[in-house]
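Here's the structure we're looking at; comments come further down.
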Amino acid sequence: MRQASEYLYVALDQMTPEEAEGLARRLAAEVGGFKVGMDLFNQGGPQVVRQIVALGRPVFLDLKLHDIPQTVARGVKAVRELGARYVNVHAAGGTAMLQAAKEAAGDDVGVLAVTLLTSIDGETAQAIGWQGSPAQIVERLARIGQEGGVDGFVTSGEEAARLRALWPGAVLAVPGVRRSADSLGDQRRVVTPDAAWRAGADLIIVGRPIARAADPVAAAQAFVQEIAEGMAS
Ligand code: C5P
């Protein structure tokens, strides 16, 4: 059985590469891994990823790739060479793109698919031309992901249990996680760490409640404690 701390991935957002490296160094012994998004990657480039990988924790590179298959395959190959453990792609890129991503990833890199961004509501989806309710769109895109052979999905806590029921083997990464004591910030659909674990999350992704805490180490430990409570109940 995995330890509670292995589930916790800290999102290194809204900080300089120096701050990200410093924070990751302080947290490396407490958490399961780190998420590097386009904000940090576009500032710090491959160098910051290498520095964080060197701390010995898995890195999820949140680049949400979506392009023609050959270009995505080359992008994933570069991610693999950096030593990242996970990368994500848009399921809407279609089966051929997903297959190309998975082929380039080999066994070293887990490819996670983004279905419908939580910022896209029913009205926006309709304007884009996507039929059905957001829940139906998520399910359709998840099937495309599965057909493309991805390893798992990025999903809200609310949808995680459904995806877990459909695909028991999928790796599920769940952002939007808050302890009940935390402020919501701009997150609306949040789940608590223990609820995320119960819903089947493999990567429980938390950013600001840890990164902006007066004591990030204590905050990370509090999240791990809540995951442990979920695992014990
Ligand atoms: O600071 P916070 O815990 O809200 O950070 C969550 C991380 O997960 C951020 O990097 C954010 O971009 C990402 N994310 C999210 N909600 C989604 C998808 C990704 O918060 N639906």
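Observations on the structure shown:
- Pairing each residue of the range 170-196 that is over 25 Å from Val87 (Cα atoms) and among the acidic types (Asp, Glu) with any residue that is near the ligand (Cβ under 9 Å from one of its atoms) and open to solvent by less than 30 Å² (accessible area, probe 1.4 Å), provided the two are 6+ apart or on different chains, yields C-beta distances under 6 Å for Asp182/Pro209.
- Flag for Ala73 being more than 16 Å from the ligand (Cβ to nearest atom), within 20 Å of Leu203 (Cβ to Cβ), in contact (Cβ under 8 Å) with a residue 12 or more places away in the chain and in contact with a helix residue (DSSP H, G or I) (Cβ under 9 Å, 6 or more places away or on another chain): no
- Only one of the listed residues (Gly148, Gly56) is farther than 26 Å from Val10 by Cα and at pLDDT 95 or above. That residue is Gly148.
- Matching residues in the range 134-151 - criterion: being in contact (Cβ under 8 Å) with a residue 40 or more places away in the chain, assigned to a helix (DSSP H, G or I) and among the aliphatic types (A, V, I, L, M): Leu141, Ala142, Ile144
- Selection within the range 199-227 - under 18 Å from Val36 (Cβ atoms) and either open to solvent by 40 Å² or more (accessible area, probe 1.4 Å) or hydroxyl-bearing (Ser, Thr, Tyr) (or both): Arg208, Arg212
- Among (1) more than 15 Å from the chain's Cα centre (by Cα); (2) within 15 Å of the ligand (Cβ to nearest atom), the one test that Leu172 misses: (1)
- Any hit, the range 162-170, residues being more than 26 Å from Gly230 (Cα to Cα), at pLDDT below 95, surrounded by 14 or more Cβ atoms within 10 Å (Cβ to Cβ) and not hydroxyl-bearing (Ser, Thr, Tyr): no
- Members of the range 186-198 found to be open to solvent by 50 Å² or more (accessible area, probe 1.4 Å) and either within 11 Å of the ligand (Cβ to nearest atom) or farther than 14 Å from Ile227 by Cβ (or both), listed by number: Asp186, Gln187, Arg188, Arg189
- When the residues of the range 140-149 are filtered to those that are surrounded by 18 or more Cβ atoms within 10 Å (Cβ to Cβ) and more than 16 Å from the ligand (Cβ to nearest atom), the one that is farthest from Ala195 (Cα to Cα) is Gly148.
The values are calculated or read from the model by the stated rules, or taken from the named source; none is laboratory data. Just so it is clear, the structure is predicted and the values come from calculations on it, not from any experiment. A quick note on method: Cβ atoms are made from the backbone with ideal geometry, for glycine too, and the neighbour counts reach across all protein chains shown. Keep in mind that these areas ignore ligands, DNA and RNA; they rest on the heavy atoms of the full protein, side chains included. Shrake-Rupley method; radii C 1.70, N 1.55, O 1.52, S 1.80 Å.
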